[in-house]
Amino acid sequence: MPKIHAETALLSDGWTENVLVELGDDGRIATVTPNVTDAAAKTHVSCLLPAPVNAHSHAFQRAMAGLTEHRSDNPTDSFWTWRALMYLFLDQLTPDHVEAIAALVQMEMLEAGYATNVEFHYLHHAPDGNTYDNRAEMAERIMAATETTGIGLTMLPVHYQYGGCDRRPLVRGQCRFHNDLDSFTALCDGVRDGLGNLPTDTVFGVAPHSLRAVSPDSLALTRALANGGPFHMHLAEQRAEIEEVSHHLGARPVEWILHNFEAGTDCCFIHCTQMQPHETSGLAATGAIAGLCPITEASLGDGIFDGVGWFEAGGMIAIGSDSNIRISLSEELRSLEYSQRLRDRSRAALATSTASTGRHILDAMIAGGARAAGRHTGQIAAGYWADLMALDTQLVSLAGRSKDQVIDSFIFAGDDHLVRDVWSAGRHLVTGGRHMNHDKITSAYHAALTSLRYDL
């Protein structure tokens, strides 16, 4: 069985020196032995950490990263004008495009330190809205990408019924997302069948897109399709969303969820950047996770999540890359903390009396991400999936650093080039900072995208 020797490792009971980690053939950690100085291990690393989950991704959007940085005719360019450009771009995407894009996204996640991709997958149909002969064609292309990259996968087919709370039909661009409850159930069956061909660490869940896109009476029915697996939904991302939901449902989105839906530990609500204090404390009390995407939320002008209030209320977080405009673990966490500092004109906003800023938010995203993904991960301990990342403390940004200083310097003074090795369920996929199929994946991406139009 493969063995990893770490000069230092972050175990569940804290930092420990000279740790030998033995990986089982089933992809789980078999043993963890501290204070081993003469280790007969194939791989030696300087600092070993649990590898986190990327809790929210729309893979296809990676291919349009950087294409929307121009002002539209609308003087108040916003998320909604960006969305219109996104529809124009996705209108040309084929299954082959999606597979190549997803493989690049997953590779970039792994090279950034993530071991798992939670794919919020809503691109189901052909451009005219008709289903492919295989209803799960697009989902299976995401799965095919994981066979190339080796990343852990939590697959969330997305239920998208309407164009708004008034149940208006979906327009061109959105019609690729549409399902009624019967066709969505059939889609889920197809996705489950496809996942059965992947490694055993793969997880199935469901995701109603939002309160705008799914009727309230469909939420519980959609949740039942997860069969106890993860349940994700966009919630309270934009002011216009708040206004629309309030007008049609009689309450703000989070208020409506708190009074009309049994939110619990299986739930991950994405963004939540438009919450009021009573909503923050109320949603945290349910045990639901806040799925944050700080880089995308900044890119789209969503707003600033109240991380300080959320943690004070005992809430859990997960972190995702959403639009994939930039896939960077260190930058997501840095952006989260800096947004709090800018809003409150403070420093070390998310530090605690016992944990530094970086240590606190990394610990939080690892624990919350594991739950959001429905994955037994997040600790370097026997029985957990061997989802591991190694930082090189010999590099300049980490020189002279130890324990929590390593994490703080990685997030606030370094970047993802400090990540040297990554394992997902025991699969050693990144060595020397580079994915084992890096060249193959990037070449396929370049080839696939030559046929796309970029004049959005």
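The values are calculated or read from the model by the stated rules, or taken from the named source; none is laboratory data. Computed from a predicted structure; not experimentally measured. Every residue, glycine among them, receives a Cβ derived from its backbone with ideal geometry; neighbour counts consider all protein chains shown.
Per-residue answers, yes or no, for (1) surrounded by fewer than 20 Cβ atoms within 10 Å (Cβ to Cβ); (2) modelled with pLDDT under 95; (3) in contact with a helix residue (DSSP H, G or I) (Cβ under 9 Å, 6 or more places away or on another chain); (4) closer than 23 Å to residue 371 by Cβ:
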position: 142; (1), (2), (3), (4): no, no, yes, yes
position: 151; (1), (2), (3), (4): no, no, yes, yes
position: 157; (1), (2), (3), (4): no, no, yes, yes
position: 184; (1), (2), (3), (4): no, no, yes, no
position: 190; (1), (2), (3), (4): yes, no, yes, no
position: 194; (1), (2), (3), (4): no, no, yes, no
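So which residues in segment 196-235 are of a type in the set (A, V, I, L, M, F, W, C), touching a helix residue (DSSP H, G or I) at 6+ places or on another chain (Cβ under 7 Å) and either free of Cβ contacts under 8 Å to residues at least 24 places away in the same chain or within 22 Å of residue 53 (Cβ to Cβ) (or both), if there are any at all?
198, 203, 204, 206, 225, 231, 235 - these are the residues of segment 196-235 that are of a type in the set (A, V, I, L, M, F, W, C), touching a helix residue (DSSP H, G or I) at 6+ places or on another chain (Cβ under 7 Å) and either free of Cβ contacts under 8 Å to residues at least 24 places away in the same chain or within 22 Å of residue 53 (Cβ to Cβ) (or both).
Looking at 307, 301, which is the one that is modelled with pLDDT under 95, assigned by TED's automatic domain parsing to the domain that holds residue 258 and of a type outside the set (Val, Ile, Thr)?
Every option except 301 fails the conditions.
Could you tell me which residue of segment 80-138 is nearest to residue 163 (Cα to Cα), considering only residues that are of a type in the set (Val, Ile, Thr) and surrounded by fewer than 23 Cβ atoms within 10 Å (Cβ to Cβ)?
81
Give me the pairs: first residue in segment 380-400 and surrounded by fewer than 17 Cβ atoms within 10 Å (Cβ to Cβ), second residue part of a loop (DSSP other than H, G, I, E, B), beta-carbon distance under 7 Å, and six or more apart or on different chains, which are they?
Final answer for the pair search is 381/12.
Checking the conditions here, which among 342, 350, 362 is among the aliphatic types (A, V, I, L, M) and part of a loop (DSSP other than H, G, I, E, B)?
Residue meeting the stated conditions: 350.
Within segment 159-175, can you find the residues that are modelled with pLDDT of 95 or more, within 27 Å of residue 203 (Cα to Cα) and not aromatic (Phe, Trp, Tyr)?
159, 161
To keep it simple, each residue is scored yes or no on (1) aromatic (Phe, Trp, Tyr); (2) in contact (Cβ under 8 Å) with a residue 40 or more places away in the chain; (3) closer than 21 Å to residue 92 by Cα.
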residue: 410; (1), (2), (3): yes, yes, no
residue: 420; (1), (2), (3): no, yes, no
residue: 425; (1), (2), (3): no, yes, no
residue: 435; (1), (2), (3): no, yes, no
residue: 443; (1), (2), (3): no, no, yes
residue: 448; (1), (2), (3): no, yes, yes
residue: 452; (1), (2), (3): no, yes, yes
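Which one of 292, 249 is farther than 23 Å from residue 314 by Cβ, of a type in the set (A, V, I, L, M, F, W, C) and touching a Phe, Trp or Tyr at 6+ places or on another chain (Cβ under 6 Å)?
Answer to the selection: 249.
If a residue must be under 17 Å from residue 372 (Cβ atoms) and in contact with a strand residue (DSSP E or B) (Cβ under 7 Å, 6 or more places away or on another chain), how many such residues does segment 223-235 contain?
Final tally of qualifying residues: 9.
It is to be established whether one or more residues within segment 413-420 are in contact with a Ser or Thr (Cβ under 9 Å, 6 or more places away or on another chain), buried (at least 18 other Cβ atoms within 10 Å of the Cβ) and in a strand (DSSP E or B).
yes
Quick one: what pairs do we get from segment 1-26, first residue without any contact (Cβ under 8 Å) to a residue 24 or more places away in the chain, second in a loop (DSSP other than H, G, I, E, B), C-beta under 6 Å, 6+ apart or different chains?
Hits for this filter: 16/34; 18/35; 18/36; 18/37; 20/36; 20/39; 22/1.
Say whether the condition of being surrounded by fewer than 17 Cβ atoms within 10 Å (Cβ to Cβ) and not β-branched (Val, Ile, Thr) is met by at least one residue in segment 352-360.
Checking segment 352-360: at least one residue is surrounded by fewer than 17 Cβ atoms within 10 Å (Cβ to Cβ) and not β-branched (Val, Ile, Thr).
Does residue 16 count as assigned to a strand (DSSP E or B), polar (S, T, N, Q), modelled with pLDDT of 95 or more and touching a Pro at 6+ places or on another chain (Cβ under 7 Å)?
Criteria met by residue 16.
If you check residue 113 against the conditions, is it at positive phi and touching a helix residue (DSSP H, G or I) at 6+ places or on another chain (Cβ under 8 Å)?
yes
Search segment 296-328 for residues being touching a Ser or Thr at 6+ places or on another chain (Cβ under 7 Å) and in a helix (DSSP H, G or I), and hand back the single one that is nearest to residue 111 (Cα to Cα).
Checking each candidate, the answer is 296.
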